[in-house]
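J.: Just dropping this structure here.
The values are calculated or read from the model by the stated rules, or taken from the named source; none is laboratory data. Model, not experiment: these values are computed from the prediction. So basically every Cβ, Gly included, is an ideal-geometry build from the backbone, and we count neighbours across all protein chains shown. SASA here: full protein model, heavy atoms, side chains in, ligands and nucleic acids out. Shrake-Rupley method; radii C 1.70, N 1.55, O 1.52, S 1.80 Å.
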Amino acid sequence: MAHTPSTEGKVPRNVLPKGAGRIARQEAGDSGDLLSKHQQGIQPSFFSDAARGHLGGLQACAGFTSFTPKPPRKPPRLERTSSLDELIWQRQRLLRMSQDSLTDPSETGSSSGSLQGEGPVGQRVASGSSHHCDQESLHSSEAHHTRQDKFSLSDSHGKLSKVTPTHAPPPLEIDGSFPSLRTTNRIDPDCGDYRLRSQSFFPRVGSSWSDTQLHSRGMLCDGCSLAPSLKSTLSLLTPIRVRDVRNRSYLEGSLLASGALLGAEELNRYFPDRSIGIFIATWNMQGQKELPEVLDDFLLPPGPDFAQDMYVIGIQEGCPDRREWEIRLQETLGPHYVMLYAAAHGVLYTSVFLRRDLIWFCSEVEFATVTTRIVSQIKTKGALGVCFTFFGTSFLFITSHFTSGDGKVYERVLDYSKTIQGLALPKNIPDTNPYRSSPSDVTTRFDNVFWFGDFNFRLNEDWEVVEQILSQGLETDMSELLQHDQLLKEMASGSIFKGFQEAPILFRPSYKFDVGADTYDTASKQRTPSYTDRVMYRSRHKDDIHVVKYSSCLGIKTSDHRPVYGLFRVKVRPGRDNIPLAAGQFDRELYLIGIKRRITRELQKKQALKDQKSSAVCSVS
């Protein structure tokens, strides 16, 4: 309500002297960017000439000295108790406004503009106009209090001021979480923007962490906005830029073409040292139906810490059920490997397993066979060759079974000559170096050749002498025995395996054992122990094949032969994209059967251990 002037010597409360508007603005905190020029000119308009004259007359009649009245005080803030819902709503609204201003700079101007538009109105209401009722005054004080809280979140431009941390961030532990946050079993969203300063604790690139592992290590939260970007840094695949997709290379088959599947860029991504690990094994099963219960010691020997990239297993006199043998191989190698190819020639088997990540870089697989014993209806003697190209390096794997007999060295040399001339490989795969190839020798048409099998070369010494040498316990020095080896003598003369090498032999002869025992032949014939099972290798380029291990598996006792295996590191060169690719094909049915058997076997083991623990017998004395 408005106060009328009184004639009793009192100064009206609604009449302000000149300059009172400026003083009011100073007490309320003058903010030039919040009050417009029109609003700043409102205060002086209250003092008209009539009011000034009337004020002077009153001062003269009353006879008191002039003084400068103070501007009216702000209406008292009426406190009221807010409900719990209102308090929660206010906190959520303030937090939401602060997050919006942080995350979306484009919306900051609009939000600050709304605050600027509301600021003067709130101040005018809060400055107090005597023309409003008490209820409106209460409403204006509440609005002023609410808008003051808004202004406390932002500066004059409606943006949050930059906060400078006073202390260094806490040290990051190996699992990527802070100790204080890990105690609450969660990570605050505010701390999700903390950049990982060290990537040394992450595993190798080839393995990525799943969401469950990230949650368990305290590196991921449900409300964290950086979760997708954090997961992308742990992926094996790198993002592809749009400009790289737009750039088209018309150099078909070039080694240096950008994005070539078999080129240098892709090879360096998978094999920075440009070498792969290859496992070569040969075993004469003696036609036994019974297969070893466990093949771990054979395919996964305890010496190396890591498995190989490629597994090639050659079998002579294989078991009748070849499919069962391949399933057992898949079951042992597990889900990380797939069978790229398998071929058979009578009872000669060859199986090629490859890491499933590498099946896209193989060409089509080709095979050819040679029979050295035509009279026999069952092909027990001969050779089976399998070839393909991996990136730009061609491989040839030959499994052979030569003529048996202590004195038939010439027949075995003849079997070798028939094999190198009769294997018609390659067929459709282009030769990587045709100028160094020979039409009369298949081993010259490939970069790397592995020839393994039961070559049946014996030791030219009596059984008693060999037994006496073996009884000395010289497990690693077999030089005295190898002086009588027929194969080494023929290689020295140049009649067989021209250009091939063999790793030093540091194991006992692989033939002939009593089935199921570690003793050599105790039958009436008493055949001389010999190194009949061998692994030979040849390379076009010098030092491209490095021998890691060459040994035999004494734990497999279902045959009179012990399996012989070799681990090799082979250099690989980039290739061209003009070769026929295998398109990632493998034996999927075999893969599923092998994995299912592997899981079933593990469940049976666990159940057996559980039954053994629960069936303990307690005796009371």
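J.: Rolling a 1.4 Å sphere over the protein heavy atoms, what is the accessible area per residue of the stretch 461-505, to the nearest Å²? Each step should come with its number before you reach the end.
T.: Details: 2510 Å² over 45 residues.
Computed with neighbouring chains in place, this is 56 Å² per residue.
J.: Another question, if that's okay. Ordered by residue, what ³J(HN,Hα) values in Hz, to whole numbers, does the stretch 539-555 give under the Karplus form 6.51 cos²θ - 1.76 cosθ + 1.60, where θ = phi - 60° and Gly and Pro are x?
T.: 9, 5, 9, 5, 6, 7, 10, 10, 7, 9, 7, 9, 7, 10, 9, 7, x
J.: Please list T393, T371 from largest to smallest accessible area, probe radius 1.4 Å, with all protein chains kept in place. Each step should come with its number before you reach the end.
T.: Values: T393 5, T371 50 Å².
In descending accessible area the options line up as T371, T393.
J.: Starting from the stretch 288-363, pick out the trypsin sites (Lys or Arg not before Pro) whose DSSP state is loop and whose Cβ has at most 11 other Cβ atoms within 10 Å. Working shown, then result.
T.: Values: sites: K289, R322, R323, R328, R355, R356; in loops: K289.
For trypsin sites (Lys or Arg not before Pro) across the stretch 288-363 that sit outside H, G, I, E and B with at most 11 neighbouring Cβ atoms in 10 Å, the list reads K289.
J.: Picking from N460, Q472, T443, whose Cα lies most toward the positive end of the charge dipole for the stretch 359-482 (charges on Cβ: Lys, Arg +1; Asp, Glu -1)?
T.: My answer, from the dipole projection, is T443.
J.: log₁₀ I(q)/I(0) of the stretch 464-550 at q = 0.11, 0.17, 0.25 Å⁻¹, via Debye over equal Cα point scatterers, no solvent, to two decimals?
T.: With one equal scatterer per Cα and no solvent, log10 I(q)/I(0) is -0.38, -0.83, -1.36.
J.: Which semi-axes, in whole Å and largest first, does the equivalent ellipsoid of the stretch 489-621 have when worked out from the alpha carbon gyration tensor as the square roots of 5 times its eigenvalues? Kindly include the intermediate steps, with their values, before the conclusion.
T.: Working: eigenvalues 337, 186, 39 Å².
Value: 41, 31, 14 Å, ordered largest first.
J.: Right, something else. Of all the accessible heavy-atom surface of the stretch 370-510, with the other protein chains kept in place and a 1.4 Å probe, what percent is carbon and sulfur? Write down the numbers at each step before the final one.
T.: Details: 3130 of 6120 Å².
Exposed carbon and sulfur together represent 51 percent of the surface.
J.: Rounded to the nearest 20 debye, what is the charge dipole size of the stretch 332-448 about its Cα centre when +1 sits on each Lys and Arg Cβ and -1 on each Asp and Glu Cβ? Walk me through the numbers on the way to the answer.
T.: Details: 11 positive and 9 negative charges, 47 e Å.
Charge dipole of the stretch 332-448: 220 debye, to the nearest 20.
J.: Averaging sequence separations of C-alpha pairs under 8 Å and six or more residues apart, then dividing by the length of the stretch 333-404, give the relative contact order as a whole percent. Could the numbers behind the result be given before it?
T.: Details: 127 pairs, mean separation 19.4, N = 72.
Rounded, it is 27 percent for the stretch 333-404.
J.: Dividing the convex hull volume of the Cα atoms of the stretch 396-512 by its residue count, what figure in Å³ per residue is obtained?
T.: Details: hull volume 13.1 nm³, N = 117.
Expressed per residue, the convex hull around the Cα atoms of the stretch 396-512 is 112 Å³.
J.: Using modelled amide H (1.01 Å from N, peptide plane; none on Pro or chain starts), what sits under 5 Å from the amide H of D577, excluding residues fewer than 5 places away?
T.: Here the answer is G253, S254, since their amide H atoms fall under 5 Å of that of D577.
J.: Could you order peptides 476-487, 523-534 by the average number of other Cβ atoms within 10 Å of their residues, highest first? Please list the in-between numbers first.
T.: Numbers: 476-487: 16.2, 523-534: 18.6.
With the highest mean Cβ count within 10 Å placed first, the list reads 523-534, 476-487.
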